[in-house]
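This report refers to the structure that appears directly beneath it.
What follows is calculated from the coordinates using simple rules that are stated; it is not laboratory data. None of these values were measured; they are calculated from a predicted model. So basically every Cβ, Gly included, is an ideal-geometry build from the backbone, and we count neighbours across all protein chains shown.
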Amino acid sequence: MADRPSDRTRTVTLPDGRNIFLSDPPLLTSADVTGAHASLTEGQWVLNVDVTSEGAKRIQLFSEQNVGRTMAFVVDGQVLRTPRVQDPIVGRGILVGGFGQAEAERLAKAFNAGCRQ
């Protein structure tokens with residue numbers, strides 16, 4: 001997410017009425033996703049998204065430079081979550097939490113249907 005609008009952002013209105021500014025182009029796209037699955041982690045359902053090595057490099061560099069800032073998790077043009085980067089994201093997977101079981105499983109299925117195999 002960007003702090004303010006620019007020629008490299010687009011404005012999205014969240015369900016609560018707040019506007020956020022998304023950077024364009026996105027950090028990752030569906031072409032970067034290699035698979036996904038839902039799991040119960042620390043008492044909550046999460047979506048585990050696996051990415052290509054190139055996608056992993058981009059997300060690691062971004063997260064190293066943006067600890068404490070907010071990023072947007074967007075699927076099919078809809079902002080699902082706006083988590084704060086707590087630590088650099090390393091490895092080839094991203095964990096997005098706070099879903100119900102059915103929603104986490106639905107998202108994993110949707111990701112897997114659109115992933116490169």
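When the Debye formula is applied to the Cα atoms of the chain, each taken as the same point scatterer, what base-10 log of I(q)/I(0) results at q = 0.12 Å⁻¹? Values, matching the q order: -0.43. Residues of the stretch 16-55 with backbone nitrogen within less than 20 Å of a virtual label 7 Å along the Cα-to-Cβ line of Gln101, please, listed as ranges. Residues 36-49 fall inside that zone. Against the chain, whose longest principal axis comes from its Cα atoms, helix 53-65 is set at around 50 degrees. Amide H contacts of Val75 (H built 1.01 Å from N, in plane; Pro and chain starts excluded): Leu80 sit under 5 Å, all sequence-distant by 5 or more or on other chains. The value of relative contact order for the stretch 28-114, using C-alpha pairs under 8 Å at least six residues apart, is 39 percent.
For the stretch 1-46, place one equal point scatterer on every Cα, skip the solvent, and apply the Debye formula. What is log10 of I(q)/I(0) at q = 0.18, 0.23, 0.27, 0.28 Å⁻¹? Here log10 of I(q) over I(0) equals -0.79, -0.85, -0.88, -0.90. For a modelled paramagnetic label at Gln60, 7 Å from Cα along Cα-to-Cβ, the residues of the stretch 69-100 in reach, with backbone nitrogen under 12 Å, are 88-93. For the chain, the longest principal axis of the Cα atoms and the long axis of helix 101-114 meet at an angle of about 80 degrees. Under 5 Å between amide hydrogens, built in the peptide plane, is the criterion, and for Ala2 it picks out Phe21, Leu22, Ser23 among residues at least 5 positions away or on other chains.
Helical runs (DSSP H, four residues minimum) scored at -39500 (n - 2.57) apiece and divided by the length of the chain put the mean residue ellipticity at 222 nm at -7500 deg cm²/dmol.
Most fluctuating residue of Glu105, Glu42, Glu54 in a GNM of the chain with Cα springs under 10 Å: which is it? Fluctuation is largest for Glu42. Among the trypsin sites (Lys or Arg not before Pro) within the stretch 1-99, those in coil by DSSP and having at most 14 neighbouring Cβ atoms inside 10 Å are Arg8, Arg18, Arg69.
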